[in-house]
Every structure is written in C-alpha cells, then in structure tokens.
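Visitor: Mind looking over this structure? Questions follow.
Where a number appears in this text, it was derived from the coordinates with a stated rule and is not lab data. Every value quoted in this text rests on a predicted model; they were computed, and no experiment measured them. Heads up, the Cβs are rebuilt from the backbone with ideal geometry, glycines too, and the neighbour counts pull from every protein chain shown.
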Amino acid sequence: MKEALYYSPMADNKVRCELCPHRCIISDGSTGICRVRRNYGGKLFAVAYEMISSIALDPIEKKPLDFFMPGANILSVGTYGCNFNCDFCQNYSISQQTPELERITVESLCETAGNLKGNIGIAFTYNEPLIWYEYVLEACMLNQKQGRINVLVTNGYINPEPLDKLLPYVDAMNIDLKAFKDDFYSKICGGGLDAVKTTIKKCAGKCHVELTNLSIPGMNDSEEEMDEMCRWIASIDKNIPLHLISFRPLYKMKDLPPQDFNRLISLRNTAMKYLNRVII
C-alpha cells in the first residue's frame, strides 16, 4: 500500500480522486469505483500497490499488438480492479472480483523481466493498468532506465495530467475503443467515450497505438457505428491498427450469442474504407 498520487482532501475526511474522469468522492474507509484506491483518515492510498494477480510471458501479439516488435515475447502482469464495470467483461474474475494476490516489488518485477531470456520488457494488462497508477509509473520508469520496453493494455479512461506524466515511459499501447456511442459507455461500461477519445488522440502522437473493438451482436456492431468510428480514427491516422474481436458470452451477458464471424468480415470491410490495417 502506498499513498496515492492525484487526489484532493475535502471536508469530513473525504477525498476526491483525480486520477480518472470519475473523480470519485471517497469517504473515510471506502474505495472509489475501481476498488483499489481507498481513503484512510483523509488520505488516499493505492491499496493494490505491489499486489499481483496474474503474471506470464506472452507473445506480444496476444496483447494484441501486431505491428510493434512482432514475434517478440513480453512479461505480462496485472493486479485487480477496474474503473469500468463492463457487462461483457472478459476478465471479470480479476477486474470485478478480488483474486489471490502475491506481493512483488517494482525492483523484483524489473529484475524478473531482465532475467527472462528473449523478453523485451513489461506489459501491464489483464485488468485495467491505469488504476494501478503508482506501481505502473514506478515500474515503467525503472524498466525503461534498464533498457526495456513498456506496454499498456488499457481502456484509456484517465485524466490528462496523470497521462502526461506516464506517457514518456510508455512505448506502445493497445486501447479498447469499446463502442462509438456515449450511451453504450455510460449504460454498459460505466464510463464515458469522450475521455477515451482524448486519450487515443494524445497517445497516437507519442507512442505506438493499436485499438481493439470487441464486437457484440446487436449492441455495438452496426455498419453505421463502425463507419463513424473508423472515419474518426482515420482523422487521427489511417495507419492506426484496429483489431476487431468477437464477443464471447461471459459475466452479465451470458445469454447473448457469440459474434458471427461473417459479421466481423462485413465490419472489417466497412473499416477498410478508412483504415489501412484492420485485423480480425
């Protein structure tokens, strides 16, 4: 546990977290939406600091990053919690629940990354890494200093100031663009589209960026929405890769069918009108 960055004290021992656009007002003894930033006596603490739920050496294509150091392996690590609560979450057992955890210091993590033969660096993934901010920032700084790569797999829901501080230490990101309608983000994910769009625009000019869209039948898979989304992406850079991923019925959407592969092909054809690299 470590005192958090980016928060403001308030009356009655409350605090306002300033890390992400939720700007949670947190009472003494409670956490914000993400579950990993807790108020103790009027101070905000990162309670997941140094706590690991998942760690593995993965192909970088699994992030997915298809156009950044292809063929490389990267040490992937995550904790628990999320600042979204997506009904379709594919990793709900760590994002919405509290799994078994192991303590690993920043120094130990970077030492492990350096000792793995053929490993290019560290990917912060599995759950939402931006809510693990203090640990991710420190690990990225040390890992970069030691000459290795840093990758984030993220929903992109973060305020500009903490993002600006973190970005110089990030080499590549895969950002989930879950839909292109704000009501989908608010009702299905518990977040907002505009902040994610701001993150994508900011990061695309400062590190390698690829995007992922999980296609859900009848929810975010219309031709019109894909057309609008890809026109917007192309206005930033038509070379940004877009990964179209098929929905699997999990968590609160177990009653929906998997996405039909032919539907993905049709959506890819729409996307390719605007983007040069669309992967299914």
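Visitor: List the trypsin sites (Lys or Arg not before Pro) within the range 61-133 that fall in a DSSP loop (any state other than H, G, I, E or B) and whose Cβ has at most 11 other Cβ atoms within 10 Å.
Guide: Sparse-neighbourhood loop trypsin sites (Lys or Arg not before Pro): K117.
Visitor: With +1 assigned to the C-beta of every Lys and Arg and -1 to the C-beta of every Asp and Glu, and no other charges, what is the dipole magnitude of the range 152-280 about the Cα centre in debye, to the nearest 20?
Guide: In debye, rounded to 20, the range 152-280 gives about 220.
Visitor: Could you name the aspartates and glutamates whose alpha carbon sits less than 18 Å from that of K202, not counting residues in the same chain fewer than 8 places away?
Guide: E161, D164, D171, D176, D194, E210, D237
Visitor: While we're looking at this one, here's another question. With a point put 7 Å past each Cα toward its Cβ, work out how far K62 is from M10 in nm, to one decimal.
Guide: 4.1
Visitor: Determine the relative contact order of the chain: mean sequence separation of Cα pairs under 8 Å and six or more apart, normalised by residue count, in whole percent.
Guide: With pairs under 8 Å counted, the relative contact order is 14 percent.
Visitor: Label 7 Å along Cα→Cβ of N276; the range 182-214 residues with amide nitrogen under 17 Å?
Guide: 204-211
Visitor: Same structure again: If you count, for each residue, the other Cβ atoms within 10 Å and average over each peptide, how do 167-178, 21-32 line up from highest to lowest? Can you show the working numbers first?
Guide: Working: 167-178: 21.1, 21-32: 16.4.
With the highest mean Cβ count within 10 Å placed first, the list reads 167-178, 21-32.
Visitor: Given the peptides 49-58, 72-81, arrange them by the average over their residues of other C-beta atoms within 10 Å, most packed first.
Guide: In decreasing order of mean packing, 49-58, 72-81 become 72-81, 49-58.
Visitor: Mind giving me the nanometre distance, one decimal, between the label points for E3 and S27, set 7 Å out from Cα along Cα→Cβ?
Guide: It is 2.5 nm.
Visitor: How much of the DSSP beta bridge set in the chain is antiparallel, as a percent to the nearest 5?
Guide: 45
Visitor: Under the √(5λ) rule applied to the eigenvalues of the Cα gyration tensor, what semi-axes describe the equivalent ellipsoid of the chain? Give them in Å, descending.
Guide: Taking √(5λ) for each Cα gyration eigenvalue gives 29, 23, 17 Å.
Visitor: Could I ask something else about it? Compute the whole-percent fraction of alpha carbon pairs in the range 1-55 spaced more than 18 Å apart.
Guide: 24
Visitor: Between E228 and S246, what is the spin-label point distance in nm, taking each point 7 Å from the Cα along the Cα→C-beta axis?
Guide: Spacing of the two 7 Å Cα→Cβ label points: 2.7 nm.
Visitor: Shape call for the range 99-185 from the C-alpha gyration tensor, a ≥ b ≥ c root eigenvalues: rounded (a/c under 1.5), prolate (a/b greater than b/c) or oblate?
Guide: Because a/c hits 1.5 or more and a/b exceeds b/c, the range 99-185 counts as prolate.
Visitor: Just how far, in whole angstrom, is the range 47-111 from the range 155-184 if you go by their alpha carbon centroids?
Guide: Centre-to-centre (Cα) distance: 16 Å.
Visitor: Something else about it: Go ahead and run the numbers for FRET between I265 and L101, Cβ-Cβ distance against an R0 of 45 Å, rounding to 0.05.
Guide: In this case the efficiency is close to 0.65.
Visitor: Please compare each pair in K62/K145; K201/K238; K165/K187; K165/K197 to a cut-off of 21 Å on the Cα-Cα distance and tell me which ones are over it.
Guide: In this structure, K62/K145; K165/K187 exceed 21 Å between Cα atoms.
Visitor: Which angle between 0 and 90 degrees, to the nearest 10, do you get for helix 261-271 versus the longest principal axis of the chain when only C-alpha atoms count?
Guide: With both axes taken from Cα atoms, the answer is about 90 degrees.
Visitor: A further question follows. Which value in deg cm²/dmol, rounded to the nearest 500, describes the helix-derived mean residue ellipticity at 222 nm for the chain, given -39,500 (n - 2.57) per DSSP H run of n ≥ 4 and division by the residue count? Please list the in-between numbers first.
Guide: Numbers: 7 runs with 71 residues, N = 280.
Calculated mean residue ellipticity at 222 nm is -7500 deg cm²/dmol.
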